[in-house]
Amino acid sequence: MIPAVVQIAVPTPLRRMFDYLPADGRHAEDYLVGTRVRVPFGRQQLVGVVMGFSPASDLPATRLKKIHATLDDQPVLPADILTLLQWASRYYHYPIGEVIQLGLPVLLRQGRPALPRRVLEWSLTPQGQQLNDDELAALGKRAPRQAALLSSISLAPGQRADADTLDREHTHWRAPLGRLQANGWVEKHERAQLLEPSGPEPDEPQSGHALNSDQRQAADAVNDKVDQFGRFLLDGVTGSGKTEVYLELIRGVVTKGRQALVLVPEIGLTPQLVQRFRQQLPCRIGVLHSGLSDQERLTVWLAARDGQLPVIIGTRSAVFTPLKSPGLFIVDEEHDLSFKQQDGFRYSARDLAVLRAQHAQVPVVLGSATPSLESLFNVQQQRMTRLTLPQRAGPAQPPRLHILDVRHQPMEAGLSPAMVQIVRQHLDRDRQVLLFLNRRGFAPTLLCHDCGWLAACPRCDSHLTLHRSVGRLRCHHCGTEQAVPRQCPACGNLDLRSIGAGTERIETELAGLFPQAEILRIDRDSTRRKGSLEDLLGRIQNGKRQILIGTQMLAKGHDFPNVTLVGILDADQGLYSADFRGAERMAQLIVQVAGRAGRAEHSGEVLIQTHHPDHPLLMQLTVQNYAACAAQLAEERQGAQLPPFSRLVLLRAESTAVDAPLAFLVQARQHAESLAVGGVVCFGPMPAPMEKRAGRFRAQLLAQADSSGPLQHLLSVWIPKLEGIKNKRQVRWSIDVDPQEMF
């Protein structure tokens, strides 16, 4: 039958597509799948995406509305990305319209044209080129700015100067340029800037380091699957040269005219990685992360879709970037929690990258020095091939790990006397020291010494953190902030004391202890300004006798050749976590931070301050290695039938009313049990570990099964029941498939 209805994904919380009639004078088949259209939805005009057609609708034709406008001549979303997004919508049980929208750059969601950034350029007209020396000299006396502009344009590459060039060389140039145009000496051009918007021309590529035998074996194993799907875990100790393997694989892909997508967990990893890739790859590289403007993201996205960027490096959402000719997918630091979206559409970019590679029939490489237990389990189940790099590349040797027992030790702002002494020894040798504390701000608690009052967040079950440099108390969970009180709000006492230490306090303390050393603090507060992180990383690369203080922004992937000492100031934070993944995460963090030490010719050492020196996790990491620790944790998980030996779904509910979330979840459990889906067990409901957050009370219900199938079946019949619960309007609820955080 001839289709009469267009099926459109509209960005609404409703879990279905919507039927629309073609605009007057058009037929349903005139619309192309993957194009955007503007449609009426209630009282709004929304931008939707054409997903398919139908000969008829379940609704009578009189209730169907017509499409108002077509926004694209050709599909903006290619078929493979639409397939990926539809699969993700089904698996994570998130509304299809909102998933499709999240696959588009912001400007395309708003209905803007699918066009790259436009660049204005100016060149000399034939008349301007014919000006003789006498005329130019006369112009220089009469209008020196105009003469200078003519000179800049004539000397520019290709004899065309853009606005950035003129901004660098002149001030207030637009008015004199306008007079040159009016005289017919200069003309304006507009071109599309399809390549990386703010990046320079590619550097002259340097030959990479020759691969050692382990690296060569790993690269060859992936290259053997270059034209078919293969899933690989590149398990290499820190400093083993995983990036060199990535580069070797990418060179082969680019040589064949195909594209590589590299996912990294944090924006902070992109500057060094991009610089290194530019130095060694003979092609342009696109970058996608939240630090770019909307126009920059659209420009790179379009260039990748059209095949004009052979290599794309991006954070989590870059997994949805369309590629004209995909050849390789790489997920660096695959264990990192940042690859799982923690609110809204809770997808795993790592898992979707594997799915994309499978659909495209190309290899995918997951790299880490501390692989997740899920990936190690997949190796055990022969779903993934493990490639190992057991030694550091070149002359670098693994750092020596030591535990510092700080019990009964006088601590000054989180620093033990032994730590201070060893820091001084390394600085005296003109080395760099990295001190890790995963707690920003000056102090995590402000206390009244007289009555015991604590500065608590009014909207969370949490304390406010003191940021002394700006004189503010801030909640790191909801963003609430207020001025630091002069006296205790409870008793009026003036003796308010900051308890505990954050990176800001450590920085202050170190400035007094080591006045001759440059101290650089790298955390979310010190890198808020655009470009500040790149500046700090550049100073680290160029400097000696520095102390680097940072949170986990410094723990992942960075290469600091002159760092010979790493100090972990508080290893106890994650040893007794309520989350069953807490021990795994702590082990990964310690190993990753330790891996920053001794990456060049100088040997490195790692000091771990702890009040629990006999803790099994710390003993295993220091005496054995991460592999032994992971094996022990996997054995414990298997005994408890926790992931990766089972699958989980977390149903969360929150409300401003204290009892509403639990009441909703009690009914939700009753519905789940009435559906009697075999193999699924429910736990709870129970309050979330942090029950109150951002002014809302939270609770959760856990469903567990041995495999994904029963949980997916449960969700397909359970969610309609949840949508019918009477008090659902009092609560916001969400489904988290394969949750990575339990609070």
- Query: Among bridges DSSP assigns within the chain, what percent are antiparallel (round to 5)?
  - Reply: 55
- Query: Can you work out ³J(HN,Hα) from phi for every residue in the stretch 402-409, in order, using Karplus 6.51 cos²θ - 1.76 cosθ + 1.60 and θ = phi - 60°, giving whole Hz and x for Gly and Pro?
  - Reply: 10, 9, 9, 7, 9, 5, 6, 9
- Taking the DSSP beta bridges in the stretch 213-389 as the whole, what percent of them are antiparallel, to the nearest 5? 5
- Item | Bins of 5 Å from zero: percent of alpha-carbon pairs in the stretch 382-437 | 4, 12, 16, 18, 14, 10, 9, 7, 5, 4, 0
- Message: Under the rule of at least 5 residues apart or a separate chain, name every residue whose amide H is placed under 5 Å from the amide H of Val287.
- Response: Ile313
- Message: Can you compute log10 of I(q)/I(0) for the stretch 269-323 with the Debye formula, treating each Cα as one identical point scatterer, at q = 0.12 Å⁻¹?
- Response: -0.24
- Item | Isotropically averaged projected area of the stretch 647-737, using the convex hull of Cα atoms (one quarter of hull area), nm² | 5.2
- Query: At 222 nm, what helix-only mean residue ellipticity would the chain give, in deg cm²/dmol to the nearest 500, using -39500 (n - 2.57) for each DSSP H run of four or more?
  - Reply: -9500 deg cm²/dmol
- Task: Could you tell me what fraction of 2.2 N^0.38 Å the Cα radius of gyration of the stretch 406-457 comes to, as a two-decimal ratio?
- Result: 1.59
- Item | Mean shadow area of the stretch 587-726, taken as a quarter of the surface of its Cα convex hull (nm²) | 12.5
- In whole Å, what are the Cα extents of the stretch 384-519 along the three principal axes, biggest one first? 61, 46, 30
- Size of electric dipole in the stretch 647-737: Cβ of Lys, Arg +1 and of Asp, Glu -1, about Cα centre, debye, nearest 20: 340
- Note on the structure: Between Leu120 and Asp572, the two model label points (7 Å from Cα along the beta-carbon direction) sit apart by a distance in nm of 6.2
- Based on the Kirkwood radius over alpha-carbon pairs, what value in µm²/s does the Stokes-Einstein equation return for the translational diffusion coefficient of the stretch 469-545 at 25 °C and 0.890 mPa s? 160
- Item | Theoretical gain in end-to-end length, Gln730 to Ser708 [0.36 nm per residue, Cα-Cα removed] | 4.9 nm
- Item | P(r) of the stretch 213-389 over all Cα-Cα pairs, binned every 10 Å from zero, in whole percent | 10, 41, 39, 9, 0
- Query: Once you put a point 7 Å from the Cα of Asp495 and another 7 Å from the Cα of Leu32, both along the Cβ direction, what distance in nm separates them?
  - Reply: 7.6
- Task: For each of Tyr20, Tyr91, count neighbouring Cβ atoms within 10 Å of the residue's Cβ, then give the residues from fewest to most.
- Result: Tyr91, Tyr20
- Message: Neighbour counts of other C-beta atoms within 10 Å: give me Thr62, Thr238, Thr508 arranged from fewest to most.
- Response: Thr62, Thr508, Thr238
- Item | Value in Å of the Kirkwood radius, where the stretch 504-658 supplies the Cα pairs that are averaged | 18.1
- What fraction of the Cα pairs in the chain, stated in percent, has a spacing above 52 angstrom? 20
- Take the eigenvalues of the Cα gyration tensor for the stretch 336-434, scale each by 5, and report the square roots as semi-axes in whole Å, largest first. 40, 20, 14
- Query: Across 5 Å bins from 0, what is the distribution of all Cα-Cα pair distances for the stretch 297-391, in whole percents?
  - Reply: 3, 12, 21, 23, 19, 12, 6, 2, 0
- Item | Length released on extending from Ala210 to Glu601, taking residue separation times 0.36 nm less the Cα-Cα span | 139.0 nm
- List the aspartates and glutamates whose Cα lies under 14 Å from the Cα of Lys692, skipping any in the same chain that are fewer than 8 positions away. Asp461, Glu654, Asp659
- Message: Under a crude label model (7 Å from the Cα following the beta-carbon direction), how far is Gln86 from Arg472 in nanometres?
- Response: 4.6
- Alpha-carbon Rg with Dmax, taken over the stretch 5-109, Å: 12.8, 39
- In whole angstrom, the spacing between the Cα centers of the stretch 342-375 and the stretch 438-456 equals 40
- All lysines inside 23 Å of Lys242 as judged from Cα atoms, apart from same-chain residues fewer than 8 positions distant: Lys225, Lys256, Lys340, Lys556
- For the stretch 23-63, alpha-carbon Rg relative to the globular expectation (2.2 N^0.38 Å, N residues): 1.25
- Please state the charge dipole magnitude for the chain, taken about the Cα centre, from unit charges on C-beta atoms (+1 on K and R, -1 on D and E), reported in debye and rounded to the nearest 20. 1600
- Query: If you look at just the Cα atoms of the stretch 117-193, how large are its Rg and its Dmax in Å?
  - Reply: 11.9, 40
- Task: Would you mind classifying the stretch 363-405 by shape? Square roots of the alpha carbon gyration tensor eigenvalues, ordered a ≥ b ≥ c; an a/c under 1.5 is rounded, otherwise it is prolate if a/b is larger than b/c and oblate if not.
- Result: oblate
- Assuming R0 = 25 Å, can you tell me the calculated FRET efficiency for the pair Glu636 and Asp343, based on Cβ-Cβ distance, to the nearest 0.05? 0.30
- Query: So which cysteines of the chain have no other cysteine's Cβ under 4.7 Å from theirs?
  - Reply: Cys283, Cys478, Cys629, Cys682
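Quick note: the coordinates plus some simple rules give every number you see, no bench work behind them. Because the structure is a prediction, the values reported are computed rather than measured. Note that each Cβ is placed from the backbone with ideal geometry, even for glycine, and that neighbours are counted across all protein chains shown.
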